1. How far is it, in nm, from the label point at residue 231 to the one at residue 261 when both lie 7 Å from their Cα along the line to the Cβ?
2. Roughly what would the spin-label model give for residue 470 and residue 355, points 7 Å off Cα along C-beta, in nm?
3. Among 346, 302, 317, whose Cα lies farthest out toward the positive end of the dipole of the range 279-483, if unit charges sit on the beta carbon of Lys, Arg (+1) and Asp, Glu (-1)?
4. Measure of size requested: the Rg and Dmax of the range 279-483, with Cα atoms as the atom set and Å as the unit; please supply both.
5. Would you check the accessible area of residue 336, probe 1.4 Å, heavy atoms only, in square angstrom rounded to 10?
6. Quantify, in whole percent, the carbon and sulfur part of the accessible surface of the range 279-483 (1.4 Å probe; protein heavy atoms only).
7. With a point put 7 Å past each Cα toward its Cβ, work out how far residue 96 is from residue 154 in nm, to one decimal.
8. From the square roots a ≥ b ≥ c of the eigenvalues of the alpha-carbon gyration tensor of the range 88-245, which class results: rounded (a/c under 1.5), prolate (a/b over b/c), or oblate?
Amino acid sequence: MTYTRWSPSIARGGPSRRAALVPARYILAVLGSIAMAIIYGLKVNLSVAMVAMLNHSALAHHGASSVEAKEHVNAEPVCQGSNSTEAVEDGPFIWSEPVQGIILSCYFWGYLVSQVPGARVAESFSARWVMFFSVLINVVCTLLTPVAAKMHYVAMIVMRIGEGIGGGVTFPAMHVMLASWAPPNERSVMSAIVYAGTALGTVISMLMAGVLAGTLGWESVFYVMGGLSCLWMVLWLWLIQDTPTKQPLMSQEERDLITSSLGSGSSGGHNEPKPPVPWRKVFTSAPFYGILIAHVCNNWGWYMLLIELPFYMKQVLQFNIKENAVVTAIPFLTMWFFSMALSKTLDALRSRGKITTTIARKTATFIASAVPMVCLLALCYIGCQRGLAVTLMTVGITAIGGMFCGLLSNHIDIAPNYAGTLMAITNTAATLSGIIVPIFVGQITHGNQTIGAWRVIFFVTIALYVLEIIAYLLLASGEEQPWNKGDKPASSIEAAEAEATPLNTKESKQSYNGQEQ
């Protein structure tokens, strides 16, 4: 893969010549990453902003008797930090912990119902437009959030459900795009670039939300972040198409590279309709269940840290709003760098034949579960050592970045024709974690915002990480499954492959000769 130098002749050339300066597939990956950053940024900003939106004094008064009762039986209710008196000014809303949990979790009610329909639309019609409307819905709901909050918390729930409906289709739609654009030997890197946007969006959102809420007020969090996201929609429609064959802003060399590596008429384009989803074979596939179980368990840990971490920092470690935003965001920045390095390393080892795709996926997923599991276990016993707690959380969240080139890339490996649908199925099941986690934490910490309560929460998460490691190591595979060709008899598949092989070989040779010339 080479980059063309700029020259006056190129500047006078057509769009495809100018696009050769930067590979079109990496423009897709970067814009896809920004899209994921927007979706996750608009999702998690409420976790930080809510700390400034709540009237903590009134809530503490309502729960004082309950807390006092528990302090008699718990020797370590909260940490006494030097910054506990520097908390942000109370906001206008008196939402109890259960209500807070419902508001945070209702995002996933919409997220839950939209994924499979969104995946089928993306696979059958246009993943590009599905992604566009996903971001558009999130932007509109975000801009309306301050008005909704002042009306009633039920209106907040409606806005969050709307954001969830838009956010739910992003992973399936991006899987469809990657299946059409990513050559197999670059799949880990491109997937990591795209999905690491979730970490980058989390970092930017938490930092911006903390600064905006602490200086301009909590309403500015939603107005500023929603407004800035509009620029992406213009760039996406201008620069991105569904497949390389439809993309004018790219070189013919790159187009041939992608289509020949993916195979003519398969994942490389939408020239031929994909066969119907072989549902029976999908739900009797061991590698599929390996991804499914790992996705559900890993998402529990992911959402535990993504949604609830600001509350742990506030309730137990006694960080104020600005410190909370910085300390919570830093681990997601290190996660972004780690995921890039790990994906590049694994792809390099695969391309040299040192490891198989299966080994690469299992290695990345093991790192993404074992390391945070150990960190959470240590966090249960360090008490109020704030510096050590921040270090452990940073290491644990950083390691979760392995899931981007691990289990989240695995759907494309086993069935590129149905990557969007498979992602929708596993992500729908994994979304249950996002619904349960805030409610679970809200119930455990209601009137009991203590280290002991959070210890129970962390042990449940550790148990699910153990289940993920065992299931994925035993069941997962990086090899394409026979049912990727559709619900056909094995003899029909073999005949189709035999017929297609000479054509693909010939096309590959022509493409190679053309590149040499």
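1. Simple spin-label model gives 3.0 nm for this pair.
2. 2.4
3. Positive-most Cα among the choices belongs to 346.
4. 17.7, 56
5. Probe radius 1.4 Å; accessible area of residue 336 about 70 Å².
6. Heavy-atom surface of the range 279-483 belonging to carbon and sulfur, 1.4 Å probe: 73 percent.
7. Between residue 96 and residue 154, the label points sit 1.8 nm apart.
8. prolate
The values are calculated or read from the model by the stated rules, or taken from the named source; none is laboratory data. Everything quoted here is computed from the prediction, not taken from an experiment. Methodologically, a virtual Cβ is constructed for each residue, glycine included, from the backbone with ideal geometry; neighbour enumeration extends over all protein chains shown. Calculation scope for accessible area: heavy atoms of the full protein, side chains included, ligands and nucleic acids excluded. Shrake-Rupley method; radii C 1.70, N 1.55, O 1.52, S 1.80 Å.
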